[in-house]
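*Asks:* Before I ask anything, here is the structure I am working with.
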Amino acid sequence: MEVLTFIIMLINLGIALWNSYAVGYNSVVLQYYKGKFKDFFTIANSFGLVLAFAGAAYALSYFLSLILYSLGKISIEIVNLISAYSFLVFGTLIVFSGIVIAIESIIIASMRKDFSSIIVAVYNTLASIFNIYMYLRSFKYAYNLIASNEDEDNKNKALMIIIVAAIFAIILVYIFYKLGKEKAEKELG
């Protein structure tokens, strides 16, 4: 099960970095776009960056806790707290950003009416529904795990590890955003 979780988190990190690249690329494309829903597409693109950050931070929190636990630097209780905090904070960002992205993809599919746009809209909608379901299903468990842990030192360590993961996520997301933006500027500029 842990191997599967590791693979899923690795895929999530890859998707998050790809999303940041795509947001960077699209930020340039949107400068030239004058059509319908321009303002909404610009806002949705920003939510794409939030989604990329949340996905990267969530995955990096997992990897960092796994590394620190395997090195004997933190206890399993801290790993569980990191997982719960990450789920509540980054999960919220993922759910709300995903809803905006799903709406954007539905609008694009209704405008383009081509197979690939429709597939993307269906995938994004189903992914958002799944994310909402999983978030609501697991919210109480994560919240109770945090509330039941009375060791403030463990909570502080967990939060510090999450902050470090979030800083790394910001750096990675920014790098990939800039790469996407530079690619679009070369192609369109």
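*Asks:* About the Cα centre, and with charges only on the beta carbon of Lys, Arg (+1) and Asp, Glu (-1), how big is the dipole of the chain? Nearest 20 debye, please.
*Replies:* Numbers: 14 positive and 12 negative charges, 133 e Å.
That gives a dipole near 640 debye.
*Asks:* Pairs Lys34/Lys113; Lys38/Lys113; Lys34/Lys186; Lys113/Lys183: which are spaced more than 23 Å apart, C-alpha to C-alpha? Kindly include the intermediate steps, with their values, before the conclusion.
*Replies:* On the way: Lys34/Lys113 19 Å; Lys38/Lys113 18 Å; Lys34/Lys186 20 Å; Lys113/Lys183 27 Å.
Among Lys34/Lys113; Lys38/Lys113; Lys34/Lys186; Lys113/Lys183, the Cα-Cα distance tops 23 Å for Lys113/Lys183.
*Asks:* Hey, got a sec? Which chymotrypsin sites (Phe, Trp or Tyr not before Pro) in region 1-59 land in a DSSP loop and have at most 16 other Cβ atoms within 10 Å?
*Replies:* Numbers: sites: Phe6, Trp18, Tyr21, Tyr25, Tyr32, Tyr33, Phe37, Phe40, Phe41, Phe47, Phe53, Tyr58; in loops: Tyr33, Phe37.
Here the chymotrypsin sites (Phe, Trp or Tyr not before Pro) that fit, given the DSSP loop and packing criteria, are Tyr33, Phe37.
*Asks:* Which loop GluC sites (Glu not before Pro) in region 89-189, with loop taken from DSSP, have no more than 14 other Cβ atoms within 10 angstrom of their Cβ? Intermediate values should be presented prior to the final figure.
*Replies:* Values: sites: Glu104, Glu150, Glu152, Glu182, Glu185, Glu187; in loops: Glu150.
When the GluC sites (Glu not before Pro) of region 89-189 are filtered for loop state and at most 14 Cβ neighbours within 10 Å, Glu150 remain.
*Asks:* Same structure again: Trypsin sites (Lys or Arg not before Pro) within region 1-80: which are DSSP loop residues with at most 14 other Cβ atoms inside 10 Å?
*Replies:* Numbers: sites: Lys34, Lys36, Lys38, Lys73; in loops: Lys34, Lys36, Lys73.
Counting only loop positions with at most 14 other Cβ atoms within 10 Å, the trypsin sites (Lys or Arg not before Pro) in region 1-80 are Lys34, Lys36, Lys73.
*Asks:* With the cut-off at 1.5 for a/c, could you classify the chain from its C-alpha gyration tensor as rounded, prolate or oblate?
*Replies:* On the way: a/c = 2.54, a/b = 1.80, b/c = 1.41.
Because a/c hits 1.5 or more and a/b exceeds b/c, the chain counts as prolate.
*Asks:* Keeping the other protein chains in place, figure out the carbon and sulfur percent of the accessible area of the chain, with a 1.4 Å probe.
*Replies:* Values: 8000 of 11350 Å².
Answer for the chain: carbon and sulfur cover 70 percent of the accessible area.
*Asks:* Per the helix-only calculation at 222 nm, which mean residue ellipticity applies to the chain, given -39500 (n - 2.57) for every DSSP H run of n ≥ 4 and division by its residues, nearest 500 deg cm²/dmol? Show your work: numbers first, answer last.
*Replies:* On the way: 5 runs with 172 residues, N = 189.
That comes out to -33500 deg cm²/dmol.
*Asks:* For region 41-143, what class follows from the C-alpha gyration tensor (a ≥ b ≥ c being the square roots of its eigenvalues): rounded when a/c is under 1.5, otherwise prolate if a/b is larger than b/c, else oblate?
*Replies:* Values: a/c = 3.03, a/b = 2.41, b/c = 1.26.
Prolate.
*Asks:* Can you give the accessible area of Arg137 in Å² (nearest 10), computed on protein heavy atoms with a 1.4 Å probe?
*Replies:* That residue has around 150 Å² of solvent-accessible surface.
*Asks:* Label region 40-93 by shape, choosing from rounded, prolate and oblate, from the square roots a ≥ b ≥ c of the eigenvalues of the Cα gyration tensor; if a/c is under 1.5 it is rounded, and otherwise prolate applies when a/b is larger than b/c, oblate when it is not. If you can, show how the numbers build up before the last one.
*Replies:* Working: a/c = 7.05, a/b = 2.78, b/c = 2.54.
Verdict is prolate for region 40-93.
*Asks:* Measuring from centroid to centroid over Cα atoms, what is the spacing of region 1-72 and region 103-178 in Å?
*Replies:* Here the answer is 8 Å between Cα centres.
*Asks:* Further, regarding this structure: Please give the per residue accessible area of the chain, computed with a probe of 1.4 Å over protein heavy atoms only, in Å². Provide the component values of the computation, followed by the final result.
*Replies:* Numbers: 11350 Å² over 189 residues.
Accessible area per residue: 60 Å².
The values are calculated or read from the model by the stated rules, or taken from the named source; none is laboratory data. Fair warning: this is a prediction, and the values are worked out from it, not measured in the lab. FYI the Cβ positions are ideal-geometry reconstructions off the backbone, even for glycines, and counts take in every protein chain you see. Just the protein is used for accessible areas: all its heavy atoms, side chains included, with ligands, DNA and RNA removed. Shrake-Rupley method; radii C 1.70, N 1.55, O 1.52, S 1.80 Å.
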